[in-house]
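Working notes, structure below.
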Amino acid sequence: MLGSIALALAVPGPAQAQFSDNYNFLKAVKDKDGQKVTDLIQKPGSTVINSRDVSTGENALHITVARRDPTWLTFLLAKGANPNLTDNDGNTPLMEAVQGRFEEGVRTLIAYKAQVDKVNGSGETPLIRAVQLRDLGLVRLLVAQGANPDKRDTIAGMSARDYAARDGRTPGLMEALDAAKTSTAKPAGPVQGPVF
């Protein structure tokens with residue numbers, strides 16, 4: 001009898017099993033529980049929209065990108081989710097969308113101000129990853145959005161252009177990178193500051 005009482009006290013019951021709002025939010029996103037997500041976002045003073053998983057660093061956008069869910073992705077971005085937060089490996093949702101070849105997700109994230117040249121823990125940009133995947137459509141899309149084909153990673157010291165030059169299997173990669181915007185615009189007027 002005494003053993004069963006001790007066991008009952010050791011095992012948390014429903015009243016004792018309280019989880020943080022951050023945990024409940026991420027669980028609701030995983031479960032596609034729109035009502036629970038909305039309730040948690042609208043709670044006064046809530047900051048759950050940018051919650052991260054304590055073990056992986058993933059946030060709600062990483063979860064929706066992984067399941068290729070454009071509806072939830074747009075909903076969370078419209079509610080203020082930060083598209084530039086990284087997981088424990090330094091990957092942004094944009095990098096994950098490129099890795100998963102989720103073009104609609106890439107477009108949506110860029111529309112909500114995802115940084116196209118933000119690097120991951122290896123110094124890779126989404127454009128470098130798109131070149132490595134030999135995904136000409138994503139390369140063109142990222143270049144059109146201002147991705148820098150000459151930004152180098154930190155592992156091999158190579159840029160998207162370098163990786164494309166090494167890869168002879170995908171026609172059109174170099175041409176797509178050559179279409180990158182070059183900044184030749186001059187300042188609109190006089191620059192304010194000290195004169196030397």
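Before moving on, here are some points about what is shown:
- Scan of the range 86-104 for residues that are within 16 Å of ALA144 (Cβ to Cβ) and either in contact with an Asp or Glu (Cβ under 8 Å, 6 or more places away or on another chain) or crowded, with 24+ Cβ neighbours inside 10 Å (or both), ordered by number: LEU94, ALA97, VAL98
- Qualifying positions in the range 113-150 - under 24 Å from ALA81 (Cα atoms) and of a type in the set (Lys, Arg): LYS113, LYS118, ARG129
- The number of residues in the range 74-85 that are surrounded by fewer than 21 Cβ atoms within 10 Å (Cβ to Cβ) and not in a loop (DSSP other than H, G, I, E, B) comes to 3.
- Residues of the range 100-114 that turn out to be of a type in the set (Phe, Trp, Tyr) and over 18 Å from VAL131 (Cβ atoms), as a count: 1
- Some residue of the range 148-165 being of a type in the set (Lys, Arg), surrounded by 16 or more Cβ atoms within 10 Å (Cβ to Cβ) and in contact with a Ser or Thr (Cβ under 9 Å, 6 or more places away or on another chain): yes
- Inter-residue pairs, beta-carbon under 6 Å, first polar (S, T, N, Q) and in the range 21-33, second part of a loop (DSSP other than H, G, I, E, B) and surrounded by 14 or more Cβ atoms within 10 Å (Cβ to Cβ), 6+ apart: ASN22/SER51
- One residue stands out in the range 35-73 among those that are of a type in the set (Gly, Ala, Ser) and assigned to a helix (DSSP H, G or I): the one that is farthest from TYR23 (Cα to Cα), namely ALA66.
- Looking at PRO194, PRO126, just one residue is over 19 Å from ALA60 (Cβ atoms) and modelled with pLDDT under 95, and that residue is PRO194.
- Qualifying residue in the range 5-20 (condition: loosely packed, with under 14 Cβ neighbours inside 10 Å, modelled with pLDDT of 95 or more and either assigned to a loop (DSSP other than H, G, I, E, B) or of a type in the set (Asp, Glu) (or both)): no
- Exactly one residue out of ARG140, ARG129, ARG107 is surrounded by 21 or more Cβ atoms within 10 Å (Cβ to Cβ), among the basic types (Lys, Arg) and not in a loop (DSSP other than H, G, I, E, B): that is ARG129.
The values are calculated or read from the model by the stated rules, or taken from the named source; none is laboratory data. From a predicted model like this one, the values you see are computed outputs, not experimental measurements. So basically every Cβ, Gly included, is an ideal-geometry build from the backbone, and we count neighbours across all protein chains shown.
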